[in-house]
1. So for segment 22-33 (the condition being outside any loop (DSSP other than H, G, I, E, B), modelled with pLDDT of 85 or more, in contact with a Leu (Cβ under 7 Å, 6 or more places away or on another chain) and small (Gly, Ala, Ser)), does at least one residue qualify?
2. Tell me, yes or no, whether segment 70-77 has at least one residue that is open to solvent by 100 Å² or more (accessible area, probe 1.4 Å) and either modelled with pLDDT of 90 or more or part of a loop (DSSP other than H, G, I, E, B) (or both).
3. Is it true that some residue in segment 38-57 is of a type in the set (Gly, Ala, Ser), at pLDDT 90 or above, surrounded by 12 or more Cβ atoms within 10 Å (Cβ to Cβ) and closer than 16 Å to Thr25 by Cα?
4. Checking Met18 against (1) at pLDDT 90 or above; (2) exposed (fewer than 10 other Cβ atoms within 10 Å of the Cβ); (3) of a type in the set (A, V, I, L, M, F, W, C), which single condition isn't satisfied?
5. Starting from residues that are assigned to a loop (DSSP other than H, G, I, E, B) and free of Cβ contacts under 8 Å to residues at least 12 places away in the same chain, keep the ones in segment 41-59 and report whichever is farthest from the chain's Cα centre (by Cα).
Amino acid sequence: MVDPVLPGNAIMHLPNMMSPAAVLTSDASGNWGCGAYYGSNWFMLPWSGLNATYHITVKELIPIVIAGAIWDHCGGGLRC
């Protein structure tokens, strides 16, 4: 459906979409470190040694991998 107020922009209505059971949020900085938040659980990790020299793209991936290792047993729900 095209919005008559904003010509050229389409608004999609997806009635069968469900809210996710759980949301993982992660972030990394170039100098400080990284962290992630899942449900009411979180962690933070300052950069030190070799990982301080990694490219920011790698640094953004590190908290996602760590979160998967920590919260994989949760099974996509907030049972942790």
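1. Checked against the condition, which is being outside any loop (DSSP other than H, G, I, E, B), modelled with pLDDT of 85 or more, in contact with a Leu (Cβ under 7 Å, 6 or more places away or on another chain) and small (Gly, Ala, Ser), segment 22-33 yields at least one hit.
2. no
3. No: segment 38-57 contains no residue that is of a type in the set (Gly, Ala, Ser), at pLDDT 90 or above, surrounded by 12 or more Cβ atoms within 10 Å (Cβ to Cβ) and closer than 16 Å to Thr25 by Cα.
4. (1)
5. Ser48
The values are calculated or read from the model by the stated rules, or taken from the named source; none is laboratory data. What you see is a predicted model; the values in this text were computed from it and never measured. Reconstructed Cβ throughout: ideal geometry from the backbone, glycine too, with neighbour counts over all protein chains shown. Note: accessible area is taken over every heavy atom of the protein model, side chains too, but ligands, DNA and RNA are not part of it. Shrake-Rupley method; radii C 1.70, N 1.55, O 1.52, S 1.80 Å.
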